[in-house]
Amino acid sequence: MGIGERIEPEQARELVASNEVEVLDIRPEDEWRDKRVPGSRWVSEDELDSALEEIEEDRPLLVVCEDGERSAEVAGQLRERGREAGSLDGGVESWEKEKLRVQPSSDVPDDAKI
C-alpha cells in the first residue's frame, strides 16, 4: 500500500478505520486532548525521533496538525528519512468540516500518548 503526500479526509478516515496507518498528531497536547482523529497519538515535534522508535519502520504514518501545513512539512521530512508518510490535507479543520467523528478527551487511554 502506498499513501500520498496529502491525504483527503475521507481517504484518511478509510485508512484509519482499516488500521492501515499510524496517526501522529503534532498539535499542542491540549488541542489533541480536546479533539482528535480517532486512534491518533500525540507526539511533540521535539520527541518525534523517540516516538518513531516505537513504531514499525514499514508502518505508514499519517501526520496531523490543525490546518495541514505543519503536518505536511513534518511528513515531508519523514519521507526524506525513508518513512512512508502523508499529511491529513487541511488538518483537523478539514476532518471536522467533512463531519467526520473526532475522539473526545474523556476516553483517552493513558497509553495512547507517545
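Here are the numbers:
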| read-out | value |
| --- | --- |
| Single match in Ala17, Ala75, Ala51 (criterion: over 19 Å from Gln103 (Cβ atoms) and either touching a residue at least 12 places away in the same chain (Cβ under 8 Å) or not acidic (Asp, Glu) (or both)) | Ala75 |
| Leading residue by the ranking (nearest to Gly82 (Cα to Cα)) among those in segment 27-40 that are in contact with a strand residue (DSSP E or B) (Cβ under 7 Å, 6 or more places away or on another chain) and buried (at least 22 other Cβ atoms within 10 Å of the Cβ) | Ser40 |
| Enumerated helices (runs of 4 or more DSSP H) restricted to segment 41-99, each holding at least 2 residues that are surrounded by 18 or more Cβ atoms within 10 Å (Cβ to Cβ) and modelled with pLDDT of 95 or more | 69-80, 91-97 |
| Condition broken by Gly4, with the remaining ones in (1) at positive phi; (2) loosely packed, with under 13 Cβ neighbours inside 10 Å satisfied | (1) |
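The values are calculated or read from the model by the stated rules, or taken from the named source; none is laboratory data. In this text the structure is predicted, and so the values were computed from the model without any measurement. With ideal geometry, Cβ positions are generated from the backbone for all residues, glycine too; neighbour counts draw on all protein chains shown.
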